[in-house]
1. If you take the Cα atoms of the protein assembly as shown, find Rg, then find the Kirkwood Rh from the mean of 1/r over all pairs, what is Rg/Rh?
2. Divide the volume of the convex hull of the Cα atoms of the range B:507-625 by its number of residues and quote the answer in cubic angstrom per residue.
3. Distance between the C-alpha centers of the range B:416-454 and the range B:386-408? Whole Å please.
4. Greater than 25 Å separation of Cα atoms is the criterion. Which listed pairs, B:Lys267/B:Lys497; B:Lys531/B:Lys642; B:Lys208/B:Lys495; A:Lys97/B:Lys335; A:Lys68/A:Lys91, meet it?
5. Is the shape of the range B:130-257 best called rounded, prolate or oblate, per the rule: a/c under 1.5 gives rounded, else a/b larger than b/c gives prolate, else oblate, with a ≥ b ≥ c the square roots of the Cα gyration tensor eigenvalues?
6. Show me the helices of chain B, taken as full DSSP H stretches, that run 20 Å or more along their long axis by Cα and average 1.6 or above in Kyte-Doolittle hydropathy.
7. Can you give me the Rg/Rh ratio for the range B:1-164, using Cα atoms for both radii and the Kirkwood formula for Rh?
8. I want to make sure I understand the PRE zone here: with the label point 7 angstrom from the Cα of B:Asn554 toward its beta carbon, which residues in the range B:79-98 have backbone N atoms less than 11 Å away?
Amino acid sequence: MTGANFLQLILVISILIAVGIPLFSKLPPRRLFAPLDPVEEEYKHLLVRKEEVLLAIKELEFDFKTDKISQPDFDALHHKLEGEAMGLLEKIEALEKQLKQKKKTAGAA
Amino acid sequence: MNDIGEFALLLALATAIYGVVSYVMAFRSNRVDVYMSADKTPIIVWACIMVSSVALWKAFLTNDFSLQYVAAYSNIDLDVFYKFSSFWGGQKGSLLFWTLILTTYMMVVHVQNRKQNVRLVPIALAVMMVITLFFLVLLNFSTNPFERLPVPPPDGRGLNPLLQNYWMVIHPPTLYLGYVGFTVPFAFAVAALLTKNLDDGWIRLTRKWTLVSWFFLCMGNLFGAQWAYVELGWGGYWAWDPVENAAFMPLIVATAYLHSVMIQEKKDMMKVWNMSLVLLTFVMTIFGTFITRSGLIQSVHTFDEATLGYYFLGFLGVIVAFSVTMILLRLQLLKSKNELDSFLSREASFLLNNLVLLGIAFSTFWGTIFPIVSEAFRGVKITVGPPFYNQVNVPIGMVLLALIGIGPVIAWRRSSWSNLKKNFTKPILAAVIGAAILFPFVPLTDKSEIFTYITFILCIFVMTSMLIEFQKGTGARMEAHGESPVGALSGMVWKNKSRYGGYIVHLGVVLIFAGIAGSQSYSTNVEKHLKEGDRFELRGYDITFEKLLWIKSNDTKERVVAQLGIERDGERIFVGYPEKEFYKGQKQPISEVDLRSTLKEDLYMILADFKGDNLVTKDDGKTGYFKDASVTVKVYVMPMVKWMWTGGWVIAFGTMIAVWPDRLEARRRTERLKRQEAIFLPAQE
């Protein structure tokens, strides 16, 4: 066996050990992720949307300050976005209640 | 070391196969242990490719001509600098280099997402691993850079002299960083499609990857243009060559994506469009690679052994079929519920910008593949030249330029005519004044000059609208926060990095437009046969041929250099040294141009030919001059070329601002995650 062959053997063994340890060590069985829960997904989505709508309000105010939008358009859009944000917050709160309840039930079980 | 390098390629292949299988299994079986095992593979594959790359670099640096690739692209006298870059000088090494960048990116994605985004990342990494696998199959079974020669030659053939230029050391890696970078958004897009996680999570994860890849591709194109300008000696920088087009198309599609994705982030709409654009960008990068490596289309840039066409064609076919199928299957999930508030809005201007950009991409694509199409249908290969591209892309490009100025002035969601009138008055006024000032100075004798004049006017319009944007924003901030002008300006840019970084990028693009227009329309050139002491005049420059020098750089390279004295208004301002380089084993000499570059114009000098029989050498035997020599020189005066390169640096600066980590965004994300953690069950990701 040459030095190069020996090094190749060492490389193969190292790789086998690296990928094999997680498979053969006695790790407690755990799931990578919980099954997709549509309520939780909707909740996450709403949180992101809420941020976007709040950012949109800030941007709208900036556009108004820099004269890009007229007073009536600003009022109408501001009203619309505020309504959108309120709607999102209500939905988020409702979902939070639902999820907390679910968590409690799961905890009790 | 060569054995180890070659063996590491095989190991990388085996590990990549295991990586694909184990990532998919981990996702499907939802097992952490399998995922943890799979998660070792990106690092192992990267390490193996690194070992192979180091082995190949070592072979170049130690002149190991037992490797066919080293013997073909290097020689003993080659500068160390170029020995290093010979690595990607040919097909085999460039594929290994591509794989090195790809696996490095894959490892970064792996590290960035360790223990998070586990619904997307395993599949995204599996997709990246499949792409790596494709390149590893090529490297192992078709273009192995460690292929041995039965009898090693005493010296190598050397690197193509045209590639012995510092731009050629920088240009390919920059271009590859861009090309390969688009694999990341593609992989996440595919993962989102496969796992049905079609909200904008994957977009947020890959936003900076897309921007950075776009930046590298943009700079790669500019560096390539600079190489062509200083090295090819034809007085130009862009020839609409198929390989140039191949790098240009993904850049254009990615630009469209970078704009339209903002609409998805803001309004949760255009998901199908954005998904299609990100997939198309990656398809275009593979198409570009196919063109360079298939030998199907003639270009100065294609590799000598361009034999990989069928592999890339097959791979391209699979990607296109898979992408189209996945989008069709997920069409229902990708439908958005929101609509545009108004057609008079920034969103609408972005849509128009997308159509314009795709128009440019399509015309370039059509011109590039036309020789293949014409040969297939009519049996004759008809090559499409620059006039076609200029005729189609110049007017579309002017619309795009106008949109760069229009977009920022329009408000998001809705604008009104009265506001538009108010906001466009100053930029239009500036453009009209600019047009009047320029009118007496610019010739308007043909269509090209008229287009150039309009481009200049548009550039003034865009610049003014951008500057007003900065001025208005600063003013609003000064009023709101009582800050000084400098504090308000820097605070405004810092708080809105992506917006103002983007505007700065646009300023760079305007400079490039102006540079292209000026240099294309107002260049002039003359070819002169001169004896020692002869002089001629070109656009105010008095050029004198003073002497013809001879320099022996080393055993393989000799240079013949014309010394040109340049005077302006009787004052000596520059000495130009255009030259011919003679390399051992090369039949044709290489022209090296010399430049005097200013923001106003470039004086570009080429030594086309020379006659010098009486060589007088100095004592060192390495330098000398020709007695009674004569030369033929070609001299160009090209206005505004430097504006293009300056535009590139402005783009770099703007991109740096746009990708700089945003504390506010990070804080929002942390707060969101905290809120989620407080609500979700402990088992959740």
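A short reminder: the numbers here are calculations on the coordinates, not readings from a lab. Worth saying up front: this structure is predicted, and the values here are computed from it rather than measured. Here the Cβ is made from the backbone with ideal geometry for all residues, glycine too, and neighbour counts use every protein chain on show.
1. The Rg/Rh ratio comes out at 1.01.
2. Normalising the Cα hull of the range B:507-625 by residue number yields 156 Å³.
3. Here the two parts' Cα centres lie 15 Å apart.
4. Flagged as over cut-off: B:Lys531/B:Lys642; A:Lys97/B:Lys335; A:Lys68/A:Lys91.
5. Because a/c hits 1.5 or more and a/b fails to exceed b/c, the range B:130-257 counts as oblate.
6. B:41-61, B:121-141, B:309-329
7. Radius of gyration relative to Kirkwood radius: 1.08.
8. B:79-84
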